[in-house]
Amino acid sequence: MDALDPLLLARLQFAANVTFHILFPTISIAMGWFLLFFKTRFVATGEPHWMDAYQFWIKIFALTFALGVVSGITMSFQFGTNWPGFMNTVGNVAGPLLAYEVLTAFFLEATFLGIMLFGRGRVSEGVHTLATWLVALGTSASAFWILALNSWMHTPAGYEMINGQAHVTSWFEVIFNPSFPYRMTHMLLASGLTGAFLLAGISAYRWLKKDRAKDVWVTLRTGVFVAAALIPVQILVGDMHGLNTLQHQPAKLAAMEGIWETQRGVPAVLFAIPDHATQSNKYEIAIPKLASFYLTHDWNGEVKGIKDFAEHPPVGPVFWAFRIMVGVGLLMLAVSWFAGYELKIKKTLSPHISKVLVGMTFSGWVALVAGWYVTEIGRQPWMVYGLLTTAQAASQVPKNNIALSLAMYLTLYAALLSAYVSVVFYLAQKAVKGEIQPSSNWKGLSHV
């Protein structure tokens, strides 16, 4: 394909936008619930270190929330500029779901975020806690509607086509489509893990800098223990999601596993270089029959290969993105359990494990983006699976215009992402130096 092909450029532009955007809601969802935990512990115990934790992490939450909102706006514009065929064909489904997200989730977050950030000391403790709870609820409700639409695009249900347009016959079937329960659960767990490793990584950074404040200890334990508890559940849910994908999107599953030929007793490919030209794997390292066992629960179960599908996604990107996701997930499991052992048994954290946790502060982003690429590239060539192809939805915007805006987006996003990471560690350094105001004096971000 031509490097300046308009369709490819439009896909790359949307991929750049969604990749940047998804980083921040993922943290916001988890951090909202972590903040609620810190606040309720403070209310229940009266111990100031819980409010110190709340005070520090609400700054990161506010920064994250702001970037998530801004990046989401640019992404929504592209439905009209680059993908008009999408709304023309399935706007009757997508439009209301996006509107529900704004009305029930975004307005809830935006309304009570001000009370959460600036209201303590101006409203009662109970009202401030309620605002924190509603903001946390709003972040999850936002994910509910967005994932309902995204899942519907993978496993469309509850609609009929009239004059080339999708019309809803059952909103229940649209929202709770076949892949939604797995995708929603998988995403919420990914969010929890991303937030937990951010919490653990920044706390470990402060620990390495000899910051032994009580709030560092409790946030460190919270991050590590939540990660240690969630990752086995995520592995189980991921397996269930894979079985759902095998049922509804078998071509994607074949690409994930690197299975070219339909066969029984399919091996689990650990490493290979998929070769599209020869439709085979080079330098393959595999475990015999294992893929059949975990995909069909039968050592000799049959699994369809890529060659059996007239339309299938590009194998290489899906194959490697899947292995990056799984590899980072297994690393998360090992690190969180080792760190959890030290915190639980030794009542401390060694410098070595602390450095590993700092290095994995944003590891959740790596697994998340890799998983998202598996999902979205694996849907190609479809935008709505079996209903609307990506090419049919694309606009006629000149390729030079798309290339220019893509270059601008990439430059801006690289700068913003670098700034975000720098500010997070800058706030950690301020906390280490004791420049974060004590909880007893804190009444909101306006006083920082």
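Since every read-out is calculated from the coordinates, none of them should be taken as a lab result. None of these values were measured; they are calculated from a predicted model. Cβ: placed from backbone, ideal geometry, glycine included. Neighbour counts: every protein chain shown.
Protection proxy ranking of 164-172, 152-160, by the mean of other Cβ atoms within 10 Å over each peptide's residues and highest first, is 152-160, 164-172.
A straight line joining the Cα centroids of segment 13-29 and segment 395-411 runs 19 Å.
Between the amide H of Ala268 and those of Ile287, Lys289, Leu290, Ala291, distances stay under 5 Å, these residues lying 5 or more places away or on another chain, with hydrogens modeled in the peptide plane.
In this simple spin-label model, placing a label point 7 Å from the Cα along the Cα-to-Cβ direction at both Thr169 and Asn92 gives a separation of 1.2 nm.
Between Ala403 and Asp275, the contour length at 0.36 nm per residue exceeds the alpha carbon distance by 43.2 nm. Each peptide among 374-384, 388-398 gets the average number of other Cβ atoms lying within 10 Å of its residues, and from highest to lowest they stand as 374-384, 388-398.
Net charge in the neighbourhood of Glu261 (other residues with Cβ under 13 Å of its Cβ; Lys, Arg +1, Asp, Glu -1) is -1. As a proxy for reagent exposure, ranking Val18, Val123 by other Cβ atoms within 10 Å from fewest up yields Val123, Val18.
Between Phe425 and Val233, the C-beta separation translates, for a Förster distance of 35 Å, into a calculated FRET efficiency of about 0.75.
Cross-link check: pairs Lys344/Lys433; Lys304/Lys355; Lys282/Lys355; Lys59/Lys252 evaluated at a Cα-Cα cut-off of 32 Å; pairs beyond the cut-off: Lys304/Lys355; Lys282/Lys355; Lys59/Lys252. Take the alpha-carbon centre of segment 115-183, take the same for segment 300-323, and report the distance between them in whole Å. After rounding, the separation between the Cα centres reads 31 Å. Normalised by the number of residues in segment 1-106, the average gap of Cα pairs under 8 Å and 6 or more apart makes the relative contact order 30 percent. Restricting the trypsin sites (Lys or Arg not before Pro) of segment 206-237 to loop positions (DSSP other than H, G, I, E, B) with no more than 12 neighbouring Cβ atoms within 10 Å leaves Lys210, Arg212.
Ordering Met187, Met87 by the number of other Cβ atoms within 10 Å of each residue's own Cβ, fewest first, gives Met87, Met187. Around the Cα centre of the chain, unit charges on the Cβ atoms of Lys, Arg, Asp and Glu (plus for the first two, minus for the last two) sum to a dipole of about 1700 debye. Of the GluC sites (Glu not before Pro) in segment 280-358, the ones in a loop by DSSP (not H, G, I, E or B) with at most 16 other beta carbons within 10 Å are Glu311.
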